[in-house]
Amino acid sequence: MRRILVTSALPYANGDIHIGHLVEYIQTDIWVRFQNLVGNRCVYVCADDTHGTAVMISAGKAGVSESKFIAEMQRAHERDFAAFDIKFDNYGSTNSRENRALCERFWKSIRAAGLVRERDVEQLYDPEAKTFLPDRFVRGTCPKCGSVDEPGDNCSKCGHHYSPSELIHPRSTLSGATPVLRNAPHLFIELEQLHDFLDEWTQSGKHLQPEIANYLKGHFLGEPLRDWDISRPAPYFGFEIPDSPGNYWYVWFDAPIGYIASTHQWCERNGEKLDDWWRSEDCEIHHFIGKDITYFHTLFWPGMLKTAGFTLPTQVHIHGFLTVDGEKMSKSKGTFVAAKTYLKHLDPTYLRYFYASKLSSRVEDLDLAVDEFVAKVNTDLVNKVVNLASRTAKFVEATGLSATYPDDGGLFADAAQLGDEIREAYDATDYSRAVRLIVGLADRANPYVEERKPWELRKDPKKARELQDVCTVALNLFRQIVVYLSPVLPRLAEQAGELLNDPIKLWNQSQKPLVGTKVNKFTHMLRRVEEKDVHAMIEESKPAGSPAAEAASPGAESIGAGAQWNDSGDALAAEPLVPECTIEDFAKVDLRVARVIAAEDVPEAKKLLKLTLSLGGGTTKNVFAGIKESYEPEQLVGRLVVCVANLAPRKMKFGVSEGMVTAAGPPGKDTKEVFIVTVAEGAVPGHRVH
RNA sequence: GGUCCGGUAGCUCAGCGGUUAGAGCAGGGGACUCAUAAUCCCUUGGUCGGGGGUUCGAAUCCCUCCCGGACUACCA
């Protein structure tokens with residue numbers, strides 16, 4: 001029996017769980033359930049990641065204390081997870097007593113190992129909000145190309161990387177104030193001292209997927225590792241560093257330690273010793289994470305564990321992101337579906353099955369194509385698997401299963417033998433392979449029923465025995481499949497257990513037929529997915545007023561009497577007003593109505609479309625607009641837009657842009673949520689906007 | 001730009017040096033009626049991205065080109 005401790009990444013306490021998160025939690029939960037099913041002892045811990053500037057700011061905006069904010073968020077997270085049958089042995093919080101104690105313990109070891117250095121860091125400070133600003137809370141003009149309103153780390157126009165302090169006219173996205181440079185001492189961990197160890201650990205071939213090991217080798221381990229800035233000056237929501245008053249551990253220092261803290265809570269409750277789980281050769285530790293946090297889990301974290309004398313991860317399982325119909329999840333397209341929105345429309349079983357059927361051990365993105373989702377769930381689960389029970393159970397309601405298992409031509413035995421292969425696939429997190437093998441069994445079981453025709457047997461009282469035998473076989477094949485699928489579909493396993501009066505608890509139940517039990521009245525186990533429910537879910541996930549939402553309900557433009565304007569303040573808060581300007585300033589900008597007379601894709605560009613704008617009378621302008629991710633060229637031709645007509649021409653990679661099409665959207669370089677500015681009926685190309 | 005991963009039937013993918021390249025779904029034809037318009041049988045469909053090479057033999061190995069995607073930490 002293996003002893004295994006499993007974690008999923010700690011969700012950040014600053015937003016709801018969505019279907020993207022669920023890829024990871026479902027992947028992990030399946031693995032944990034599988035391990036327990038085959039008789040290993042597997043404990044699954046997780047926690048909310050609560051610290052950092054983002055939570056501090058969100059709590060401030062909501063007008064509540066941080067502790068209240070994170071408590072509410074945690075309640076919501078736990079509720080969502082439970083609804084998807086994700087079963088943690090302990091769900092903690094990084095803002096816990098246990099975590100603080102462990103952080104202090106780690107810190108002591110790291111200090112003692114001589115890894116900590118203090119160094120002054122110049123950082124932008126918001127004098128109005130009285131806080132230091134992480135890069136993403138600063139925006140300004142790119143020092144290289146002069147593009148305005150660029151993020152604090154790199155320019156979305158020219159791609160130039162810089163530090164936020166290099167921006168021209170920087171401003172805080174919190175208050176709109178001009179940030180000032182302030183010096184503050186920060187504490188750094190000199191990771192380079194652990195370089196040899198990390199080389200060996202990452203390249204051993206045992207702990208990481210090969211592509212990850214390779215990536216680390218190429219990107220980081222080929223040169224000296226940079227020092228890691230692990231402190232933040234007050235104000236900061238987190239733990240104050242005991243020997244450095246006024247400084248707090250950066251959230252990424254205490255977050256992974258939260259894995260141990262959560263385990264500690266579980267140990268306390270269950271009379272276990274923490275050292276048996278985190279400082280023992282006999283216990284495996286498996287982390288499941290997304291590819292975005294690879295760096296932290298494969299370099300910092302092993303380094304910290306090594307230094308503090310804890311067990312190193314046996315394996316870090318890294319998965320890709322979720323895409324929907326081949327595209328990144330998008331709020332405006334309604335594919336950024338919150339867990340709770342999903343639950344209003346669809347059964348969680350569907351998503352568990354679908355993800356399982358798509359997941360492999362590779363670091364690949366997983367695509368949820370709506371058609372495929374519907375087809376897979378309905379054909380595999382309902383039509384094939386559940387069908388086995390629903391077509392035979394009622395024939396043996398009265399008699400129960402036969403007392404001895406009849407001859408089935410080797411079907412059950414063959415499927416039992418396949419168990420090893422299925423088991424290996426699960427263990428290797430190659431669920432798509434496991435599911436493929438299992439569903440193949442249903443493809444062999446249905447023809448058996450077809451051939452033996454129980455519906456004819458029941459007409460002849462003399463064949464009652466044969467009828468019972470045929471159904472005993474069919475129900476056993478069904479049950480065997482359900483045992484194999486039970487890590488993925490715990491609810492179905494429970495229903496099958498109830499139907500046949502024998503709860504499914506162990507993998508071995510797939511190896512021996514069940515005989516002589518009563519059979520209960522069959523009730524529906526799983527409804528078919530309706531495509532309209534999926535679409536309703538996506539509709540509900542769309543923000544009001546997006547181009548997509550408009551397209552879905554043409555004619556919704558005329559705002560009826562019942563319309564409500566309860567617009568949230570989020571958009572404004574995300575990008576506060578800039579300092580006021582005079583009418584003369586405004587007059588310098590010549591905004592004109594223009595007609596898009598041609599629009600073409602720039603194949604090499606990620607975000608740009610090439611537009612030809614007509615100002616009327618043959619005056620045209622060539623403009624490159626960063627709207628490719630939101631609009632198709634065909635949608636634009638013929639439309640009236642508002643352009644900045646006197647903007648100095650700018651040479652871009654693909655040609656000269658002679659103006660700019662105005663568009664609204666949130667700050668940031670993400671151009672998936674842009675909405676071009678159009679003009680009311682009657683305006684003609686050439687009209688100036690006054 | 002660099003690194004990595006892919007490109008096999010309409011779709012999702014399996015096969016990764018050895019008999020005429022497979023599955024599921026979709027399409028076509030038929031059967032059945034126990035079952036959630038479920039199931040079963042038959043069937044159409046592919047110069048395995050292009051080109052070159054290694055080999056008795058290549059979808060599978062090597063080279064090269066083309067196409068698609070991901071990543072590119074000092075954000076959380």
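The values are calculated or read from the model by the stated rules, or taken from the named source; none is laboratory data. All of these numbers come straight from a predicted model, not from anything done at the bench. Neighbour counts run over all protein chains shown; Cβ positions are idealised from the backbone, glycine included. Heavy atoms of the whole protein, side chains included, go into the accessibility calculation; ligands, DNA and RNA do not. Shrake-Rupley method; radii C 1.70, N 1.55, O 1.52, S 1.80 Å.
Descriptive notes on the structure:
- Helix axis angle, A:53-62 relative to chain A longest principal axis, alpha carbon, degrees: 90 degrees
- For A:VAL6, the residues whose amide H sits under 5 Å from its own are A:VAL43, A:TYR44, A:VAL45, A:HIS286, ignoring neighbours fewer than 5 places away on the same chain, with H placed 1.01 Å from N.
- When the Cα gyration tensor is reduced to axis lengths a ≥ b ≥ c, the ratio a/c is 1.5 or higher for region A:428-542, and with a/b above b/c it is classed as prolate.
- Relative contact order of chain A, pairs being alpha-carbon contacts under 8 Å that are 6 or more residues apart, as %: 13 percent
- The H on the amide N of A:HIS317, modeled in the peptide plane, is under 5 Å from the matching H of A:HIS287, A:PHE288, A:ILE289, each at least 5 residues off or on a different chain.
- Cα-based helix-to-principal-axis angle, A:210-219 vs chain A, degrees rounded to 10: 20 degrees
- Trypsin sites (Lys or Arg not before Pro), loop per DSSP, at most 12 other Cβ atoms within 10 Å - longest free stretch of chain A: A:274-458
- Its alpha carbons considered, chain A gives a radius of gyration followed by a Dmax of 29.8, 100 Å.
- Fraction of beta bridges assigned by DSSP in chain A that are antiparallel (%, nearest 5): 70 percent
- Taken one residue at a time, the phi angles of region A:327-334 give Karplus couplings (6.51, -1.76, 1.60, θ = phi - 60°) of 10, 4, 4, 9, 5, 5, 8, x Hz. Gly and Pro are set to x.
- ³J(HN,Hα) computed for each position of region A:277-286 - Karplus, 6.51 cos²θ - 1.76 cosθ + 1.60, integer Hz, glycine/proline x: 9, 10, 9, 9, 5, 8, 10, 8, 10, 10
- Between helix A:19-37 and chain A: long-axis angle, C-alpha atoms, 0 to 90°, nearest 10: 30 degrees
- 25 Å Cα-Cα reach of A:LYS462 towards lysines, excluding residues that sit fewer than 8 places from it in its own chain: A:LYS394, A:LYS453, A:LYS518, A:LYS521
- Entries in A:LYS61/A:LYS542; A:LYS87/A:LYS340; A:LYS61/A:LYS340 that, when Cα-Cα distance is taken, lie over 25 Å: none
- DSSP beta bridge pairing in region A:221-377, given as percent antiparallel to the nearest 5: 45 percent
- Cα-based reach from A:LYS328 at 15 Å (exclusive), listing aspartates and glutamates while leaving out same-chain residues under 8 positions away: A:ASP292, A:GLU364, A:ASP365, A:ASP367, A:GLU629, A:ASP670, A:GLU673
- Region A:12-53 versus region A:592-642: alpha-carbon centroid distance in Å: 45 Å
- Using a probe of 1.4 angstrom and keeping all protein chains present, the accessible surface of chain A works out to 46 square angstrom per residue.
- Accessible carbon and sulfur surface of chain A relative to its total accessible area, %, 1.4 Å: 50 percent
- Average Cα contact separation per residue, region A:581-621, under 8 Å, 6 or more apart, as relative contact order %: 33 percent
- Approximate spin-label separation A:ARG465-A:ASP590, in nm, with each point projected 7 Å along Cα-to-Cβ: 10.0 nm
- Part-to-part distance (alpha-carbon centres) for region A:517-539 and region A:166-198, which is given in Å: 51 Å
- Alpha carbon centroid spacing (whole Å) that separates region A:275-291 from region A:455-498: 39 Å
- In order along region A:99-116, the phi-based Karplus estimate (6.51 cos²θ - 1.76 cosθ + 1.60, θ = phi - 60°) of 3J(HN,Hα) comes to 5, 4, 4, 5, 4, 5, 5, 4, 4, 4, 5, 5, 4, 4, 7, x, 9, 9 Hz; Gly and Pro are listed as x.
- Here the extension length gained between A:ASP229 and A:VAL515 equals 96.6 nm, from 0.36 nm per residue of separation less the Cα-Cα distance.
- Less than 5 angstrom separates the built amide H of A:THR131 from those of A:ASP126, all sequence-distant by 5 or more or on a different chain.
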